[in-house]
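Any read-out appearing in this document is the output of simple, stated calculations on the displayed coordinates, not a laboratory observation. Quantities reported herein were computed from a predicted structural model and do not represent experimental measurements. Note that each Cβ is placed from the backbone with ideal geometry, even for glycine, and that neighbours are counted across all protein chains shown.
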Amino acid sequence: MKADRDASMDKLLASTLKAGRPEMRGVTPGEAHLDAETLAAWADDALDAAERASAEAHAAGCARCQQLLAAMVRTQPASEVPKSPWRMPSLAWLVPLTAAATALAIWVAVPKPTLVQVSSSEPAIDEIRPAAPRARSLPAPPDDTAAATRDQFVRPDESQLKQLARQKGQAAIAERDSTDRVQPEASVLSKDRKQESVEAKATTPTIAESANVAPATPAAGGAAAAPALSPASARAVPRAAAEAGARMETAAAPSRMAFAAGLDVIVVSSNPSTRFRLLPGGGVQRSADGGSTWRTEVTGATDTLRGGSSPSPPVCWLVGRGGTVLLSIDGRTWRRVTFPETVDLLSIVATDQDSATVTTADGRSFVTVDGGQTWTLRPGL
Amino acid sequence: MSYAGDLELARRCAAGEEQAWERFVLEYRPLLYRAADALDPSGGARDLADSLYADLYGLAEPGAERQSLFRYFQGRSSLATWLRAVLSQRYVDRLRAGARLEPLPDENHVAHRDEGRGTGPPDPDRLRHVALLQQALARAIEELDARDRLRLGCYYAQQLKLAETGRILKEHEATVSRQLARTRRTLRDNVERRLREDHRLNDAQIAECFELASEDPGPLDLREMLADQVPADAARKKSEPDRSI
């Protein structure tokens with residue numbers, strides 16, 4: 001009954017408190033919305049108590065600022081999401097320590113098997129086993145094992161103890177996680193909402209994977225993730241800024257450093273199982289199993305590739321320095337597409353094997369609709 | 001926490017220092033795009049990131065002084081968080097501006113819903129009970145303290161997850177869950193009290209109110225419902241005895 005009451009209220013709230021509903025509008029006319037500075041300080045926990053209370057009071061009745069807060073949370077990188085205190089590096093040592101202590105306690109608490117003295121000079125191992133449950137999983141020693149070996153058999157060695165402790169530690173973590181995720185009060189929430197935290201903790205899909213071009217690092221992604229600019233935005237982007245982007249590899253070569261560190265640019269196809277990894281010096285690797293295994297492709301390119309677009313698993317366009325454009329329509333063989341200029345190319349957005357839009361380092365966009373045979377400067381740029 | 005380094009970078013970028021701008025492009029441009037993709041996975045927010053990028057650079061009209069958006073960064077947060085905040089602000093404002101241009105729902109949508117069910121003309125008691133419940137709920141929500149209302153808004157209106165709501169309120173998701181449950185109990189008690197005391201509904205009628213609202217939550221709009229129903233309710237009270245008493 002109590003759960004029914006809670007469930008009906010949950011449903012009622014879910015239907016009533018849609019964004020912008022009047023009852024959530026408690027803002028005094030003329031009251032200023034949260035500005036970016038305050039919003040950012042709130043997100044970084046840099047507001048003092050009074051500022052915080054004031055901001056919360058405003059946001060409580062302001063649909064716009066609630067939307068802003070929600071947008072801020074959604075853009076928070078996974079790396080900045082606070083972890084459970086147990087997962088903090090400073091406390092991480094407690095986990096194996098606790099597990100080891102537990103294992104030791106079990107070791108002490110469980111009675112040691114009594115070695116039955118037999119008339120023979122060798123004790124019967126079979127008489128020991130029933131009294132030593134913790135040794136069941138261990139391999140049986142040979143019959144002619146000496147007394148020292150028997151002791152070793154009955155008492156797991158240190159490495160086995162550590163292994164047991166590790167297993168217990170992992171089990172303890174798993175149990176704690178599952179306990180954390182159980183929300184007794186949330187039992188009345190709709191099914192999808194109940195599983196939300198579990199899903200969020202289990203696998204947080206990276207933004208990079210959801211995008212067609214998936215930079216593995218900010219450094220490498222900076223060049224690779226540059227989009228084809230819309231006419232308006234392309235006009236707005238300063239040429240110097242674009243050139244600065246282009247210099248990322250040519251001047252300080254940070255991308256090369258990223259490559260050297262094993263942090264590559266990965267182009268994810270429309271089917272995420274197929275991915276292309278761009279290597280320094282024009283190398284490309286292809287994975288058909290979501291990145292578990294990679295096969296090196298021969299492209300013939302020597303210039304560093306900076307980005308790509310794979311509208312379907314067999315089709316992939318890649319661009320790079322000096323007007324390098326590569327196209328594969330079978331996912332295995334690559335052909336170099338002639339580009340009208342030797343300008344550095346930052347990114348490409350392709351819709352199929354014929355149509356693609358390339359963005360140059362100086363902010364212009366070129367379009368092809370015939371597989372790269374002809375390129376047209378996007379008008380108005 | 002001090003963000004002096006970020007502030008210095010912003011100052012140098014605003015001044016147009018080439019090296020600083022290079023560093024900014026290298027470190028923060030991918031962040032902007034990732035944030036834009038998080039806001040709109042279809043890529044619809046990337047143009048906002050591009051225009052923000054341009055504003056940060058501070059394009060100037062010929063002859064005019066360059067005005068970079070960086071000058072608004074005061075170092076109260078990290079530069080990365082501030083960039084996300086500015087991008088979010090622009091995204092939400094565009095979203096809301098777009099929403100204002102959307103056509104209003106059909107004025108007969110309630111009637112159409114009822115027609116769809118094949119239940120004939122709407123039951124006046126049903127409409128009245130739903131309106132009373134909504135009215136009582138609105139009042140009960142108004143009485144909550146700001147933090148509780150914000151938690152409700154984040155979870156129900158913005159449809160954030162428990163953990164996300166907790167990040168805004170600096171609470172653990174288990175705490176958010178507990179607090180939401182407590183708030184629901186408070187609201188339920190207050191709504192029932194109001195229906196009982198102000199509108200003289202009995203337990204069975206109150207239960208019916210919740211049942212009706214649960215059966216057909218629909219796009220309820222309190223202002224719309226109350227404007228239609230409360231005067232009708234008053235007129236009805238004048239003309240006939242209130243059966244709910």
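What to note about this one:
- Residues in region A:52-66 that a label on B:E142 would reach, taking backbone N under 16 Å of a point 7 Å out along Cα→Cβ: A:61-62
- Each of A:M72, A:M9 was scored by other Cβ atoms within 10 Å of its Cβ. Listed from fewest to most, they are A:M9, A:M72.
- For the residues of B:201-210, the average number of beta carbons from a partner chain within 10 Å of their own beta carbon is 1.
- Spin-label pair A:A109-A:D48: with each label point 7 Å from Cα along the Cα-Cβ axis, the two points sit 5.2 nm from one another.
- Using the Cβ-Cβ distance between A:R295 and B:Q159 with R0 = 35 Å, the FRET efficiency computed as 1/(1 + (r/R0)^6) comes to roughly 0.25.
- Between A:A101 and A:A78, residue separation times 0.36 nm minus the direct Cα-Cα distance comes to 5.0 nm.
- Residue order, fewest to most beta carbons within 10 Å, for B:V176, A:V367: A:V367, B:V176
- Ascending count of other beta-carbon atoms within 10 Å, so fewest first, for A:W317, A:W375: A:W375, A:W317
- Using 0.36 nm per residue and subtracting the Cα-Cα separation, the extra length available between A:S355 and A:D330 on full extension is 7.4 nm.
- Rg then Dmax, both in Å and based on the Cα atoms of region A:268-312: 10.3, 28.
- Shielding score for B:167-180, defined as the mean number of other chain Cβ atoms within 10 Å: 5
- Partner chain coverage, peptide A:50-56 - average Cβ within 10 angstrom: 2
- Seen from a random direction on average, the alpha-carbon convex hull of region A:260-381 projects onto 6.9 square nanometres.
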